[in-house]
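Some notes on the structure that comes next.
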Amino acid sequence: MATLFAATTAVAVVAALLAARRDRRWAYGASKAVASAGFLAVAWSVGAPFEGWTRVAFLALTLSAVGDVALAARGKVAFVAGLAGFMAAHAAYVVAFARLGARPEWLAVTVPLAVAVGAFAWWWLRTRVSRTLRVPVGAYIAVVSAMAAVGAAAGLSHGAPRLAVGVPLVVGSDAAVARHRFVAPGLANKLVGLPAYYLGQLLIASALGGG
């Protein structure tokens, strides 16, 4: 069943990209909703125990789905709502991965790397973000950097390659969103960002069943 649900997400991502190319907003939003439902279904189908860290991780997946649908709409209000949804999702991921646990030697690698990437992201965006959005965007970068550091370290510590790969993919997809919103809007951002994001969430969802 997990394969079927993952395939559903893949087809929905293609549909979302086609809708974006033709500027069909409702079709784009609906396709993203189906794609998000697919990774939630994957988590159920792999037999996730939904206790301890997996319960919090599933909450993060759910919040991600809400934020993703919000970002499908246009306008500052929709963007801020999506940003809030994803910030809550990444915060939940931090808690989940912290409960899973990470070895200090891996954290010693991932934390400085995440801090460096987060600092670069802020340097890249600081002059492009409006004054009213600088605080929420800065806070978002801090939270997503923590998620990247703890999540990647947890995956490496437990020999869980799906986590170790899925977390950076989800985090990396945010760069495409930021570029589309603040730097250079265009379909190319979605062509890179959407597949990376959904593949990352599928990998994380499948890891909830172990591995």
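The values are calculated or read from the model by the stated rules, or taken from the named source; none is laboratory data. No experiment lies behind these values; they were computed from the predicted model shown. Here Cβ is always computed from backbone atoms with ideal geometry, including for glycine, and neighbour counts include all displayed protein chains.
Residues to consider are LEU163, LEU203, LEU194; find the one that is among the hydrophobic types (A, V, I, L, M, F, W, C) and under 19 Å from VAL69 (Cα atoms). Step by step, each of LEU163, LEU203, LEU194 is checked, and only LEU194 is among the hydrophobic types (A, V, I, L, M, F, W, C) and under 19 Å from VAL69 (Cα atoms). Look at (1) of a type outside the set (A, V, I, L, M, F, W, C); (2) closer than 19 Å to GLY200 by Cα; (3) more than 16 Å from the chain's Cα centre (by Cα) and you find that ASP174 fails only one, number (3).
Tally the residues that are charged (D, E, K, R) and surrounded by 20 or more Cβ atoms within 10 Å (Cβ to Cβ), restricting the search to region 47-97.
The number of residues fulfilling the criteria is 1.
Checked against (1) more than 29 Å from LEU18 (Cβ to Cβ); (2) surrounded by 14 or more Cβ atoms within 10 Å (Cβ to Cβ); (3) in contact with a Lys or Arg (Cβ under 8 Å, 6 or more places away or on another chain), ALA176 meets all criteria but (1).
Within the set THR132, THR127, the sole residue that is free of Cβ contacts under 8 Å to residues at least 24 places away in the same chain, farther than 24 Å from LEU163 by Cβ and outside any helix (DSSP H, G or I) turns out to be THR127. Considering only residues in region 106-120 that are surrounded by fewer than 20 Cβ atoms within 10 Å (Cβ to Cβ) and touching a residue at least 40 places away in the same chain (Cβ under 8 Å), the one that is nearest to ALA178 (Cα to Cα) turns out to be VAL111.
When the residues of region 135-148 are filtered to those that are more than 16 Å from the chain's Cα centre (by Cα) and modelled with pLDDT of 90 or more, which remaining residue is farthest from LEU113 (Cα to Cα)?
VAL135
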